[in-house]
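Have a look at the structure below before the remarks.
The values are calculated or read from the model by the stated rules, or taken from the named source; none is laboratory data. Here the structure is a predicted model, which is why all the values come from computation and not from measurement. Note that each Cβ is placed from the backbone with ideal geometry, even for glycine, and that neighbours are counted across all protein chains shown. Note: accessible area is taken over every heavy atom of the protein model, side chains too, but ligands, DNA and RNA are not part of it. Shrake-Rupley method; radii C 1.70, N 1.55, O 1.52, S 1.80 Å.
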Amino acid sequence: MQGAGSVATGLAAGTLMRRLGERGFAAGGCALFGLGVAARALPGDAPVPAGSLLIGAGLPCVLIAALTAVQRETPADRLGVTAGRVHTLLYAPNAVALVAGAGLVAVTDHRVLLAVTGAAALGCAAVPARGRGVRSGEAEEVPRR
């Protein structure tokens, strides 16, 4: 289900980002992810597939928006090093979170961890939503040095 959500987002990403702008697309992705994680905290097995679908749909939004902004805003002569650093900043925290999660699940009910993670992701959705970003294709031409 998570893979299906990611594929669906990938197919619709261009259209969605043109309509919502990079910030709106990223905020929507954070919100979908948060709702999906929170759904997994609900009792029973029924919410798990729906939560997985939402998680899969939400995660690519943030990555696509961030990497599109890097490609659009970074001067050509700095794109390689900038993209490398951004990839590190986007993906390295996952390793830390996996270790922390493995330790926390040993002492805390997994439903509590899922609910807290879902709430945190919903809170994170407010960060890009607050800012005023340009929509893809509407940016002024950035002079390249």
Has segment 65-79 got any residue that is touching a residue at least 60 places away in the same chain (Cβ under 8 Å), assigned to a loop (DSSP other than H, G, I, E, B), out of contact with any Asp or Glu (no Cβ under 6 Å at 6 or more places or on another chain) and not basic (Lys, Arg)? yes
Kindly establish whether Gly58 is at pLDDT 95 or above, small (Gly, Ala, Ser), open to solvent by less than 70 Å² (accessible area, probe 1.4 Å) and under 17 Å from the mean Cα position of the chain (by Cα). yes
Output for segment 96-122, where each listed residue is free of Cβ contacts under 8 Å to residues at least 24 places away in the same chain and small (Gly, Ala, Ser): Ala97, Ala100, Gly101, Ala102, Gly103, Ala106
Which residue is farthest from Ala65 (Cα to Cα), if the candidates are limited to segment 3-54 and must be hydroxyl-bearing (Ser, Thr, Tyr) and open to solvent by 40 Å² or more (accessible area, probe 1.4 Å)? Ser6
Whether any residue in segment 97-119 is at pLDDT 90 or above, exposed (fewer than 15 other Cβ atoms within 10 Å of the Cβ), in a helix (DSSP H, G or I) and of a type in the set (Asp, Glu) is what I want to check. no
Checked segment 20-55 for anything free of Cβ contacts under 8 Å to residues at least 60 places away in the same chain and among the β-branched types (Val, Ile, Thr); matches are Val48, Ile55
